[in-house]
Structures are given as structure tokens and as C-alpha cells.
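J.: Before we start, here is the structure in question, set down as C-alpha cells.
The values are calculated or read from the model by the stated rules, or taken from the named source; none is laboratory data. Since this is a predicted model, take the numbers as computed values, not measurements. Counting neighbours? That spans all protein chains shown, and the Cβs are built from the backbone with ideal geometry, glycine included. Calculation scope for accessible area: heavy atoms of the full protein, side chains included, ligands and nucleic acids excluded. Shrake-Rupley method; radii C 1.70, N 1.55, O 1.52, S 1.80 Å.
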Amino acid sequence: DGSPTGNFGAANNLTVKDGASGLDRVTYLKFNVAGLSNVTSAKLTLTPMQVDGSVPLLYEQWSNDNWTETGITWNNQPPGTGTTITNISSYALWTPVVLDVAGAVKSQATNDGLLTIRITEPGANAVRIDFCSRENSTGSYRPVLEYANPANTAPVLTSIANQTIGAGTTFNLTNVATDGDVPAQMLTFSLLAAPTN
């Protein structure tokens, strides 16, 4: 809130702090989770790059996804309410923090397909925690949302009846397949041994 109209979407750090006036900082993350309603697990990994002390941070699934990385400011941060995902109190420099976000991913996958996570320090302890952002120069330190879908299921092909045509006649055939996986996988067709000509 010290720079209420400034945007920090291109910064290499995500900062969380609740301190004196002008020192409050809140972090928002957004993920496209459309089609992930069947996940068996989902984990968000964040890597701390600055740890000023031990302080509990609140991670919430935020109800309002109406913001952009390059447009969000303190003054226009999305209003709304949050559902607690977890509270974590212990942080160590460069030691990844892993959050179980499967419930949040599933609920938003069947809602609008977007998951916003808001991170705050609700205790006014004036302790700053920074995480590496997706702009961080070290790829392995960037935020990662990993998920696992159920085991792959084979596509089902609709049976095709025998066809008879005369010589010199064009033959058109439509193959139909369905796939129960979410998101559905792409299926391509080819002839393994086509007849001559």
C-alpha cells in the first residue's frame, strides 16, 4: 500500500507483509484449471527468496478472479472473500513450501476454470516473506502447480459396419471416438495397410 497505484507484475519476487501503514503487501496468484475437475492430487510449490522471520501466512482461495498480472495494484486489488486453504508458519530461505490445493483446483475447475490464491500475513507482525515469481531467472524457483489426473482410459471407437461400393466411386468414412479423460485427449486415425490406389 506504499505505492497504491503501482503494478509489480513483472517483479521477480512475490512479497507478503503486514506492517505499519505504507508497508502492507499482499500476493495474488492465478492459474487456469479448466478441465481439472478429476484431479487426484494438486500441489502448489513456492520458493522463499527472503525470510525476515517466522510468521504465519494465510493462503486463501479467492472468490474474485477479475484481475491481471500487469494491471493489479493496491487500489484495484480484487474485492471478494476467501476460503482458507492453509496457514503455514515456518519458512527457510530457498526451501520450497508445498501446499495441497487439490480441493481448490477441483472447485474452480467446475466453476469458472480460474483459481486465484491470495497470500496475506494477517497478524500485523511486520515480518516480510518473499517468494520467487515466474519472472525469477532460475526456473526451478518459480511457482509450480503440479497435478495428477486419474489413470488414462483408452478411447472408445464406434463400430463401423461393412461397406460395399462400386469401382471408381469415392468412398467417405467418418470415424467416431470418445475419450473419458479430462481434459479429453486428441485421437488421430491412419491406415496401417491401405489397399492399392
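J.: Which is modelled with pLDDT under 95 and closer than 30 Å to residue 83 by Cα, of 110, 169, 116?
T.: Values: 169 fails: closer than 30 Å to residue 83 by Cα; 116 fails: modelled with pLDDT under 95.
Criteria check complete, one pass: 110.
J.: Right, here's the next one. Are there any pairs with C-beta distances below 8 angstrom linking a residue in the stretch 128-140 that is under 22 Å from residue 25 (Cα atoms) to a residue that is in a loop (DSSP other than H, G, I, E, B) and aromatic (Phe, Trp, Tyr), with the two at least 6 apart or on different chains, and if so which?
T.: 129/91
J.: Determine the pairs where a residue that is within 14 Å of residue 189 (Cα to Cα), located within the stretch 152-165, has a partner that is in a loop (DSSP other than H, G, I, E, B) with Cβ atoms under 6 Å apart, the partner being 6 or more residues away or on another chain.
T.: Pairs that qualify, where the first residue is within 14 Å of residue 189 (Cα to Cα) and the partner is in a loop (DSSP other than H, G, I, E, B), are 155/179; 155/187; 158/176.
J.: Hey, another quick one. For residue 36, indicate whether it is open to solvent by less than 20 Å² (accessible area, probe 1.4 Å), of a type in the set (A, V, I, L, M) and either outside any loop (DSSP other than H, G, I, E, B) or touching a helix residue (DSSP H, G or I) at 6+ places or on another chain (Cβ under 9 Å) (or both).
T.: Values: open to solvent by less than 20 Å² (accessible area, probe 1.4 Å): yes; of a type in the set (A, V, I, L, M): yes; either outside any loop (DSSP other than H, G, I, E, B) or touching a helix residue (DSSP H, G or I) at 6+ places or on another chain (Cβ under 9 Å) (or both): yes.
So residue 36 passes the test.
J.: Same structure again: Looking at the stretch 71-104, which of the residues that are open to solvent by 30 Å² or more (accessible area, probe 1.4 Å) and among the aromatic types (Phe, Trp, Tyr) is nearest to residue 39 (Cα to Cα)?
T.: For the stretch 71-104, the residue satisfying everything is 94.
J.: Restricting attention to the stretch 148-182, and to residues there that are among the small types (Gly, Ala, Ser) and closer than 30 Å to residue 33 by Cβ, which single residue is farthest from the chain's Cα centre (by Cα)? Explain how you work it out, then say what you get.
T.: Applying the first criterion (among the small types (Gly, Ala, Ser)) to the stretch 148-182 yields 148, 151, 154, 159, 161, 166-168, 177, 180.
Pick out the ones that are also closer than 30 Å to residue 33 by Cβ and you get 148, 151, 154, 177, 180.
Details: 148: 13, 151: 20, 154: 26, 177: 29, 180: 22 Å.
This residue is 177.
J.: Okay, next question. Which of the residues belonging to the stretch 141-164 are surrounded by fewer than 12 Cβ atoms within 10 Å (Cβ to Cβ) and in contact with a Phe, Trp or Tyr (Cβ under 9 Å, 6 or more places away or on another chain)?
T.: The one that is surrounded by fewer than 12 Cβ atoms within 10 Å (Cβ to Cβ) and in contact with a Phe, Trp or Tyr (Cβ under 9 Å, 6 or more places away or on another chain): 163.
J.: In the stretch 130-151, which residue that is modelled with pLDDT under 95 and among the hydrophobic types (A, V, I, L, M, F, W, C) is nearest to residue 185 (Cα to Cα)?
T.: The qualifying residue nearest to residue 185 (Cα to Cα) is 151.
J.: If you don't mind, another one. Restricting attention to the stretch 105-139, and to residues there that are of a type in the set (A, V, I, L, M, F, W, C) and open to solvent by 10 Å² or more (accessible area, probe 1.4 Å), which single residue is nearest to residue 10 (Cα to Cα)?
T.: Applying the first criterion (of a type in the set (A, V, I, L, M, F, W, C)) to the stretch 105-139 yields 105, 109, 114-115, 117, 119, 124, 126-127, 129, 131-132.
Keeping just the survivors that are open to solvent by 10 Å² or more (accessible area, probe 1.4 Å) gives 109, 114, 124, 126-127.
Working: 109: 27, 114: 20, 124: 26, 126: 24, 127: 23 Å.
Step by step, filter the stretch 105-139, then rank; the result is 114.
J.: If residue 92 passes every condition in (1) of a type outside the set (Asp, Glu); (2) modelled with pLDDT of 95 or more; (3) touching a Leu at 6+ places or on another chain (Cβ under 9 Å) but one, which one does it miss?
T.: Going through (1) of a type outside the set (Asp, Glu); (2) modelled with pLDDT of 95 or more; (3) touching a Leu at 6+ places or on another chain (Cβ under 9 Å) one by one, residue 92 breaks only (3).
J.: Still on this structure: Which residue is farthest from residue 117 (Cα to Cα), if the candidates are limited to the stretch 20-33 and must be touching a Lys or Arg at 6+ places or on another chain (Cβ under 9 Å) and buried (at least 16 other Cβ atoms within 10 Å of the Cβ)?
T.: In the first step, residues of the stretch 20-33 are kept if they are touching a Lys or Arg at 6+ places or on another chain (Cβ under 9 Å); the result is 23-29, 33.
Cutting the leftovers down to buried (at least 16 other Cβ atoms within 10 Å of the Cβ) gives us 24-29, 33.
Values: 24: 17, 25: 14, 26: 11, 27: 8, 28: 6, 29: 5, 33: 12 Å.
Result: 24.
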